[in-house]
Amino acid sequence: MTEKKINVTALVTGVGAIIGQGIIKSLRKSNYAVKVVGIDKSKNSPGPYLCDVFYQKPLCGEDSSEYLAFWCDVLQKECVDIVLVGLEVDMFFLDKKRDFFSPLNVDLVLNNSDLISLSADKWKLHESLLATKLPRIPTVIPNNWNHAISELGEAPLLLKPRHGNGSRGIIKLYDERDFKYWNVKLDNNWMLQRIVGDENNEFTVGIFGFGNGESSCPIIFKRVLSSSGNTLEAVVVNEEVIENVSNLLTKYFKPLGPTNYQFRMEDGCAYLLEINPRFSSSNSLRTAFNYNEAEMAIDYFKFNKISQNPIIKKGSAWRYSEDYIKYDCDTL
């Protein structure tokens, strides 16, 4: 006789985007019978039709009483058990409002607040790596172009906004003219790095942290990025150097729940690019290789259960575009 699945009502945010849709796919493949409640600011995407119930966010500020009332209404009306975050902006909102949500009898799949705050500023994250004694990408906030090349070496150099994720806003600077232009345009809210490795040596790692410096075993993809900064191609690999560095990062930062490390390799060293303290865009790809972070989240946050290390399947994955069609009701 097949064991009956436990019923869980999960609210997923950002269902109009790739991360939220990946979370839904993972929930559908989990060992739970999940009712998916989706929210997003727009109803015009396939996301709402992937959910069992959908709510559109109100057009109001996140600190307004109207927005908080919206959340309360959805959580209570749908008897939501757990909230899984598909948008970075929702992660920051829920982290800021932990005390508000605490009495509402719902589990929030959130990382620890210190790591959420730290990962939001790439410069502060870079500085914090000094205590780990791990390799750091040479990085500087320079006074002028000569200062930059004296610290980092010859151009091209990589300009990164201090705030933001993925490859959005990253620009190569080739000379002093580029430097002066972007310095004015970005109002000093950036940093410069030496370019390490190349696009053929980029890796994304998923772990599920337990908040005490321990985690599930890492799953490592060697990847190719799309123009939007998401994983386009992925190959499951065993890379001992990256696994060791990932374990050291986990021991130091003590992440809780789904956490993503991104690296480039150069001369046998793994250099950390960024930490995403949440579900990442490749979460559904991990599920396809038997590493279901959404299921792990329900296990841990809802039932206080630490999932066993999954047996990771080997293989490759490619993302491609697909049409989603919704016909009007009066269409013959």
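The values are calculated or read from the model by the stated rules, or taken from the named source; none is laboratory data. Please read all numbers here as calculations on a predicted model, not as lab measurements. Backbone-built Cβ (ideal geometry, glycine too); neighbour counts: all protein chains shown.
Below, the figures for the structure above:
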{"read-out": "Residues of the range 131-143 that turn out to be aliphatic (A, V, I, L, M) and either closer than 20 Å to residue 267 by Cα or within 21 Å of the chain's Cα centre (by Cα) (or both), as a count", "value": "2"}
{"read-out": "Positions within the range 101-113 being surrounded by fewer than 16 Cβ atoms within 10 Å (Cβ to Cβ) and touching a residue at least 12 places away in the same chain (Cβ under 8 Å), in sequence order", "value": "104, 113"}
{"read-out": "Residues of the range 23-33 that turn out to be assigned to a loop (DSSP other than H, G, I, E, B) and of a type outside the set (Gly, Ala, Ser), as a count", "value": "2"}
{"read-out": "Residue 120 surrounded by 15 or more Cβ atoms within 10 Å (Cβ to Cβ) and hydrophobic (A, V, I, L, M, F, W, C)", "value": "yes"}
{"read-out": "Number of positions in the range 195-220 that are closer than 20 Å to residue 265 by Cβ and in contact with a helix residue (DSSP H, G or I) (Cβ under 7 Å, 6 or more places away or on another chain)", "value": "7"}
{"read-out": "Some residue of the range 81-96 being crowded, with 19+ Cβ neighbours inside 10 Å, in contact with a Pro (Cβ under 8 Å, 6 or more places away or on another chain) and either part of a loop (DSSP other than H, G, I, E, B) or assigned by TED's automatic domain parsing to the domain that holds residue 302 (or both)", "value": "no"}
{"read-out": "Filter pass, residue 74 being part of a strand (DSSP E or B) and not basic (Lys, Arg)", "value": "no"}
{"read-out": "Total residues in the range 256-277, condition on the phi > 0 side of the Ramachandran plot and crowded, with 24+ Cβ neighbours inside 10 Å", "value": "1"}
{"read-out": "Answer from 126, 163 - the residue that is surrounded by fewer than 13 Cβ atoms within 10 Å (Cβ to Cβ) and within 23 Å of the chain's Cα centre (by Cα)", "value": "163"}
{"read-out": "Sole exception among (1) buried (at least 16 other Cβ atoms within 10 Å of the Cβ); (2) within 23 Å of residue 20 (Cβ to Cβ); (3) at pLDDT 95 or above for residue 222, by number", "value": "(2)"}
{"read-out": "Whichever residue in the range 34-56 is part of a loop (DSSP other than H, G, I, E, B), charged (D, E, K, R) and touching a strand residue (DSSP E or B) at 6+ places or on another chain (Cβ under 6 Å) and, among such residues, is nearest to residue 91 (Cα to Cα)", "value": "43"}
{"read-out": "Residue in the range 186-194 that is modelled with pLDDT under 95 and more than 20 Å from residue 138 (Cα to Cα) present", "value": "yes"}
{"read-out": "In the range 8-22, the residues that are touching a Gly at 6+ places or on another chain (Cβ under 6 Å) and part of a strand (DSSP E or B)", "value": "12, 13"}
{"read-out": "Flag if residue 180 is within 25 Å of the chain's Cα centre (by Cα), outside the structural domain of residue 277 (by TED's automatic domain parsing) and charged (D, E, K, R)", "value": "no"}
{"read-out": "Condition met for residue 73 (among the acidic types (Asp, Glu), surrounded by fewer than 18 Cβ atoms within 10 Å (Cβ to Cβ) and in the same structural domain as residue 91 (by TED's automatic domain parsing))", "value": "yes"}
{"read-out": "Within the range 302-318, considering residues that are of a type in the set (S, T, N, Q) and on the phi < 0 side of the Ramachandran plot, the one surrounded by the fewest Cβ atoms within 10 Å (Cβ to Cβ)", "value": "308"}
{"read-out": "Matching entry among 316, 227, 281 (being within 22 Å of residue 201 (Cα to Cα), modelled with pLDDT of 95 or more and small (Gly, Ala, Ser))", "value": "316"}
{"read-out": "Enumeration of residues in the range 22-48 that are hydrophobic (A, V, I, L, M, F, W, C) and either crowded, with 20+ Cβ neighbours inside 10 Å or in contact (Cβ under 8 Å) with a residue 60 or more places away in the chain (or both)", "value": "23, 24, 27, 34, 36, 37, 39"}
